[in-house]
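S.K.: Before I ask anything, here is the structure I am working with.
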Amino acid sequence: MIDTLAYYDENALEFFAETANVDMAALHQRFLAHIQPGGLILDAGCGSGRDSKAFLSSGFSVVAFDASPELAKLASQHLDQAVAVRTFADVVERAAYDGIWACASLLHLPATQIPAALRRLWAALKPGGTFYVSFKVGEGERVHAGRYYTDASERTLRDWLEVLPLVQTLDCWLTADQRPGRQDQWINAIAVRGAPAGKKTGHRRRRPVSTAPLPVDQSGRRN
Ligand SMILES: C[S@@+](CC[C@H](N)C(=O)[O-])C[C@H]1O[C@@H](n2cnc3c(N)ncnc32)[C@H](O)[C@@H]1O
């Protein structure tokens with residue numbers, strides 16, 4: 001089986017240079033609008049630390065991890081804070097985070113492992129917390145340029161997310177890749193975790209699960 005993490009370790013400097021400055025502001029705004037000022041965000045598979053850096057600059061607290069030791073080291077330098085070397089399978093926190101950001105990271109898991117990883121991350125969200133995830137648009141699994149990928153359609157992503165307990169709202173939308181010369185499309189989702197009956201959440205917005213046709217947003221994606 002292809003060793004995706006070895007790819008990131010061997011190409012960490014190049015990957016950092018390619019991704020650390022991509023403009024993700026539109027996606028950040030959409031996610032951060034759900035999170036209380038100063039809230040705690042988990043950046044799961046943080047790569048260069050680009051998004052953690054933006055969240056810290058906006059006054060949020062961040063816990064970041066990555067499974068590639070070399071990328072975790074570069075991200076730690078970029079953020080001037082520790083970045084743990086962990087995988088999704090190591091996430092055992094419960095109701096710990098106001099937001100979880102999994103940008104283009106779960107896509108390297110085999111499809112059979114994605115539901116369990118989503119359950120772990122979802123359990124780490126506080127009631128009222130907000131989860132962001134993105135995949136390259138497509139169907140099935142593939143190896144490309146030294147990495148293993150599971151692609152997703154809106155239907156696939158909804159199937160993975162709708163079965164999580166207490167999904168209060170779920171929005172999916174498409175974005176274009178933000179890097180010059182890249183033609184990929186991305187499927188993004190934001191899901192808000194509700195609270196068990198009788199408990200109030202600190203979530204800032206209340207909207208029903210979206211069934212509207214998928215909007216296409218030309219701003220904010222990469223890789
Ligand atoms: C395409 S990069 C995205 C990085 C960053 N989130 C971004 O948007 O630029 C995928 C990242 O996921 C990390 N990754 C891959 N498998 C992982 C796993 N099982 N657990 C945690 N991180 C993983 C890789 O090391 C890499 O940093």
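S.K.: Taking the Cβ of Glu93 as the centre, find all other residues whose Cβ is under 12 Å away and add up their charges (Lys, Arg: +1; Asp, Glu: -1).
M.R.: Net of charged neighbours comes to +3.
S.K.: When only DSSP loop residues count, what trypsin sites (Lys or Arg not before Pro) in segment 71-144 have their Cβ near at most 13 other Cβ atoms within 10 Å?
M.R.: Arg94
S.K.: Still on this model: Can you sort Thr150, Thr87 so the residue with the fewest Cβ neighbours within 10 Å comes first?
M.R.: Lowest count first: Thr87, Thr150.
S.K.: Label the chain by shape, choosing from rounded, prolate and oblate, from the square roots a ≥ b ≥ c of the eigenvalues of the Cα gyration tensor; if a/c is under 1.5 it is rounded, and otherwise prolate applies when a/b is larger than b/c, oblate when it is not.
M.R.: rounded
S.K.: Please report Val63, Val133 as a ranked list, fewest other C-beta atoms within 10 angstrom at the top and most at the bottom.
M.R.: Val63, Val133
Laboratory data are not the source of any read-out in this text; all were calculated from the coordinates shown. Not measured: the values here are computed from a predicted model. Please note: Cβ atoms are built from the backbone with ideal geometry, for glycine as well, and neighbour counts cover all protein chains shown.
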